[in-house]
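*Asks:* I am attaching a structure below and will ask some questions about it afterwards.
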Amino acid sequence: MQNHLIDRRGLLRAGLVVGGLLAATTSAGTAVHAQSALPAAGTAPEQRPATPDAAWARLREGNRRWVADTSTHPHQDAARRAEVAQKQDPFAVVFSCIDSRVAPELVFDTGLGDLFVVRTAGQTIDPLVTGSAEYGPAELGTPLVVVLGHQRCGAVTAAAESLHDHKKLPGELNTIASSLRSAYKRSGGDVDKMIRINTIDVVKLLKKDTLFAPRIAKGQLKVIGAYYSIDTGEVTRLV
Ligand SMILES: [Zn+2]
């Protein structure tokens, strides 16, 4: 058996064959999948950020790549799937809106096992949502929580219109509008201001959380607020 004796040239040939197959499927519109199956630059194993500041720095680096259209799509392959199959240890919780244009793993150029993601319309919060945000820091020592508001938030816009016109939204949509009432009143009707006020309100609320406050005092956890620009892709820290 010569299976163990395949030389570099043989491997190269094998690679070319595989490459040929991939190229053959490219015309069928699977080019993106073929590319994503290859290891991307900059995906070498890295230490999971252990401190709040290191975690924020990692998110900022990823966001800079996203803005510059140089995303490396780390941790999005079968090897990573196997690595985190039995155990997860994400370095941040991102609490963002449900908006389809604000996907945290894309915005921060992260992958599988990197983030806990909690999403509600307008990142509105209640005890159920708080419980989901608490899980990572309380159980796994996740060092960072980011509350992420965003430009042109449809949920906040709809809530502002409903509150302005004194017209109830149907179903539980009105619960969302109600929870944004305080931010609306302090925004003077400016939706973008309302988005930022609500984001900061949620940060303040989470900082007082009984599971978070002791960790924050010890420097083990930070809760920060940020704003995502739909136009540029940039995340800017608010608080
Ligand atoms: Zn939104």
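Bear in mind that the values in this text are calculations on the coordinates, not laboratory data. Being a predicted model, the structure only gives us computed values, none of them experimental. Positions of Cβ are backbone-derived with ideal geometry, glycine not excepted, and every protein chain shown enters the neighbour counts.
*Asks:* In percent, what relative contact order does segment 133-239 have, based on Cα pairs under 8 Å that are 6 or more apart in sequence?
*Replies:* 36
*Asks:* While we're looking at this one, here's another question. How would you classify segment 83-154 from its alpha-carbon gyration tensor, with a ≥ b ≥ c the square roots of the eigenvalues: rounded for a/c under 1.5, else prolate if a/b is greater than b/c, otherwise oblate?
*Replies:* Cα axes put segment 83-154 in the oblate bin.
*Asks:* Tell me the Kirkwood hydrodynamic radius of segment 43-237 in angstroms, computed as one over the mean inverse distance between distinct C-alpha pairs.
*Replies:* Every distinct Cα pair counted, the radius reaches 17.3 Å.
*Asks:* Could I ask something else about it? Sequence gap of 8 or more, or different chains, plus Cα separation below 27 Å: how many lysine pairs satisfy both in segment 96-239?
*Replies:* Pairs that pass both the separation and distance tests number 18.
*Asks:* What is the fewest-to-most order of Asp89, Asp69 by other Cβ atoms lying within 10 Å of their Cβ?
*Replies:* Asp69, Asp89
*Asks:* Give the shape of segment 167-239 as rounded, prolate or oblate, defined through the alpha-carbon gyration tensor: a ≥ b ≥ c are the square roots of its eigenvalues, a/c under 1.5 means rounded, and otherwise the shape is prolate if a/b is larger than b/c and oblate if not.
*Replies:* Taking the square roots of the gyration eigenvalues as a ≥ b ≥ c, segment 167-239 is oblate.
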